[in-house]
1. Does Ser110 satisfy the condition of being in contact with a Gly (Cβ under 6 Å, 6 or more places away or on another chain) and not hydrophobic (A, V, I, L, M, F, W, C)?
2. Quick one: in the range 133-151, of everything that is over 15 Å from Leu65 (Cα atoms) and among the aliphatic types (A, V, I, L, M), which residue is modelled with the lowest pLDDT?
3. Quick check on the range 84-98. Is at least one of its residues without any contact (Cβ under 8 Å) to a residue 40 or more places away in the chain and either aromatic (Phe, Trp, Tyr) or not assigned by TED's automatic domain parsing to the domain that holds Gln56 (or both)?
4. Would you be able to tell me the number of residues in the range 1-29 that are in contact with a strand residue (DSSP E or B) (Cβ under 6 Å, 6 or more places away or on another chain), within 27 Å of Gln101 (Cα to Cα) and either in a loop (DSSP other than H, G, I, E, B) or at pLDDT 90 or above (or both)?
5. Kindly list the number of the only condition in (1) loosely packed, with under 11 Cβ neighbours inside 10 Å; (2) of a type in the set (Phe, Trp, Tyr); (3) at pLDDT 90 or above that fails for Phe51.
6. Residue by residue through the range 30-70, note down the ones that are outside any strand (DSSP E or B) and touching a Pro at 6+ places or on another chain (Cβ under 6 Å).
7. Can Pro148 be described as surrounded by fewer than 20 Cβ atoms within 10 Å (Cβ to Cβ) and in the same structural domain as Val76 (by TED's automatic domain parsing)?
8. Going by the structure shown, is Ala105 among the small types (Gly, Ala, Ser), assigned by TED's automatic domain parsing to the domain that holds Thr21 and crowded, with 19+ Cβ neighbours inside 10 Å?
Amino acid sequence: MKKIILGILLLFFFAGCAPTTTERLHLPMLQTVPHVDLDRYLGTWYDIASFPQKFQRGCTASTALYTRRPDGEVDVLNRCRQGSLDGKLKSAQGRARVVDQATNAKLEVSFFRPFWGDYWIIDLGTGYEYAVVGHPSRDYLWILSRTPQLDRAVYDGILARLRAQGYEVERLNRTLQPESSSKGKSNICEVGRDQTCNDNPLISSLHGTCQTDHTCTCKSGFAKNPESGRCL
């Protein structure tokens, strides 16, 4: 986790030492979505594609979990598997705050205060099924989905809108994620408790299966322990 935080800090430091894409191409200000319902935005997001960053090098099955804090800010938990889908789990904890109360589309994220980085929501599905996070420099970009896989037509539509905003989409790298089965399930669920697929999608006993409603059921041959809630 320390390496991830250090990489984020170095990224913010060196970002100020060279012209940004927005400056280099003389682009207008990046546009965000008109409004974000933060309560609907909370929960788990899967990283579908992003601009390469050192702190994400080697990451697969990358997810971000957002939960509301009592003070109104948002806790951030980023996780990934290193090298492969069953690789070592890496995580980084941070905090986000809204800086544009009129839209909730402009936030700042910090993994090590007092350093904060812009987190702008520039595209969002009508059902909050996908989101696109950008930066005013246009040098950072994440395409997120509520599911490990995103429909190709939806993805292509996102790319078209990003091009219209001046993003160099050829810089995107797809993130390796677990494949979803034909029944709309994904074998990333670990324990049988409800909300596991939202709260702990990568802590695995591999005895359960995530459903499309983000609940978890036990696989064949395993039963839910009524005390622990785990599939045993």
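1. Working: in contact with a Gly (Cβ under 6 Å, 6 or more places away or on another chain): yes; not hydrophobic (A, V, I, L, M, F, W, C): yes.
Yes.
2. Across the range 133-151, the extreme among qualifying residues is Leu150.
3. The answer is no; no qualifying residue exists.
4. Looking only at that region, the number is 0.
5. (1)
6. Matches in the range 30-70: Leu30 only.
7. So Pro148 does not fit the description; no.
8. Numbers: among the small types (Gly, Ala, Ser): yes; assigned by TED's automatic domain parsing to the domain that holds Thr21: yes; crowded, with 19+ Cβ neighbours inside 10 Å: yes.
Here the answer is yes, as Ala105 does meet what is asked.
The values are calculated or read from the model by the stated rules, or taken from the named source; none is laboratory data. As the structure is a computational prediction, the values presented were derived from the model and not from experiment. Neighbour counts run over all protein chains shown; Cβ positions are idealised from the backbone, glycine included.
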